[in-house]
Amino acid sequence: MKTNLSLPEPETVRDYVRQRYGAIAEQAGAGCGCGASTGCCATPAAAEPAGACCGGTGDAGGSYGEQLGYTADELAVAADADLGLGCGNPLAIAGIQPGEVVVDLGSGAGFDCLLAARRLAGTGRVIGVDMTPAMVTKARANAARSGLTNVEFRLGEIEALPVADGVADLVISNCVVNLSPEKARVLGEAFRVLKPGGRLAIADIVATRALPESMRAKLAAIGACVGGAALVADVRSMLEAAGFVRIGIAPREGSRAMISQWTEDETAGEFVVSALITAIKPKA
């Protein structure tokens, strides 16, 4: 039955996401992050379930980060930057090579950026972009503590990246594109900043069936990486429209139980799943 609910305007979504994740960054600064071990990532002013794109242990066992595909060593060396906000490990499909330039869309506290910079072993550089000032501040502090000199963080929106054309060998992202109300613009920007032959490697939440309109209209569900998820077929179409080829979308069916813990609606996992997404910008 048609509900006739009004979906939030793009700027309303962006403002909500910025406020929500800014609060998470500030809580993390006080020793409270979003990982399964802390479970304290509710925004202070919101009476909504604790959790952003985070928390829960699912049925697989192990730490939250290990379930996403990170090694214990990776989780240990970048622990300060791990707020438990991911839904996969984009670095596992990235194939990072020495000397490459990597751009991270929605870099948060810098977790994937620091791991990418570590893999580059002093070569190349990593550019993290996030629209939340508190996250950028935290990421810069984490980078300074790491001693890595080939990573930087820029304040900006992923729909209009503060990155020049054709500079990146690789674009990564972890559970962020779903939060954008203008996903086609995000993927178009990723294509723009990549060099010919450059690669896209992201972990994100995608819908395997149409979400109820009530879920898509709720800001809390969007902020929890559920309400804004695009259908798999639509993600593929947007990537193709941006110009990408050799597109791969690999859903992780085992993530459904984990996702059902992210919102007050325990049916969320029936509609969405985490996926690893790859694509290439043609060389000519």
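Laboratory data are not the source of any read-out in this text; all were calculated from the coordinates shown. Small disclaimer: the values here were computed from a predicted structure and weren't measured. Here Cβ is always computed from backbone atoms with ideal geometry, including for glycine, and neighbour counts include all displayed protein chains.
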| field | Residue-by-residue Karplus 3J(HN,Hα) for segment 265-277, coefficients 6.51, -1.76, 1.60, Hz, glycine and proline x | value | 8, 6, 8, 3, x, 6, 10, 10, 8, 7, 8, 9, 10
| Kirkwood Rh, Cα atoms: Rg over Rh of segment 183-270 | 1.01
| remark: Per the Kirkwood formula over distinct C-alpha pairs, the hydrodynamic radius of segment 107-203 in angstrom is 13.5
| said: If you average the alpha carbon positions of segment 175-191 and of segment 148-162, how far apart do those two centres end up, in angstrom? | reply: 15
| remark: Phi-derived 3J(HN,Hα) across segment 253-262 with the Karplus relation (6.51, -1.76, 1.60, θ = phi - 60°), rounded Hz, x for Gly and Pro, is 4, x, 7, 4, 5, 4, 5, 5, 8, 7
| request: Would you grab the residues whose amide H sits under 5 Å from the one on Gly198? Only those 5+ places off in sequence or on another chain, please, with H modelled 1.01 Å from N. | output: Lys281
| note | Counting as exposed only GluC sites (Glu not before Pro) in DSSP loop states with no more than 12 other Cβ atoms inside 10 Å, the longest exposed-site-free span of the chain is 1-263
| message | Under the rule of at least 5 residues apart or a separate chain, name every residue whose amide H is placed under 5 Å from the amide H of Ala230. | response | Ala207
| In segment 128-215, what trypsin sites (Lys or Arg not before Pro) fall in a loop by DSSP, with at most 14 other Cβ atoms inside 10 Å? | Arg209
| Considering only segment 10-280, percent of DSSP beta bridges that pair antiparallel, nearest 5 | 40
| field | Nonlocal amide H pairs with Gly243, under 5 Å, H built at 1.01 Å | value | none
| task | Please turn the phi angles of segment 279-284 into ³J(HN,Hα) values with the Karplus equation 6.51 cos²θ - 1.76 cosθ + 1.60 (θ = phi - 60°), one per residue in order, whole Hz, x for glycine and proline. | result | 6, 10, 8, x, 6, 8
| task | Work out the length of the dipole vector of the chain about its Cα centre, built from +1 on the beta-carbon of each Lys and Arg and -1 on the beta-carbon of each Asp and Glu, and round it to the nearest 20 debye. | result | 680
| Taking the chain as a Gaussian network, Cα atoms linked when under 10 Å apart, which of Ala203, Ala78, Ala116 shows the biggest mean-square fluctuation? | Ala78
| Percent RCO, i.e. relative contact order, over segment 10-280, from Cα pairs under 8 Å lying at least 6 residues apart | 19
| query | Rounded to the nearest 20 Debye, what is the dipole magnitude of segment 132-260 about its Cα centre when Lys and Arg each give +1 and Asp and Glu each give -1 at the C-beta? | reply | 300
| field | Overall Cα dimensions of the chain - principal axes, largest extent first, Å | value | 54, 44, 35
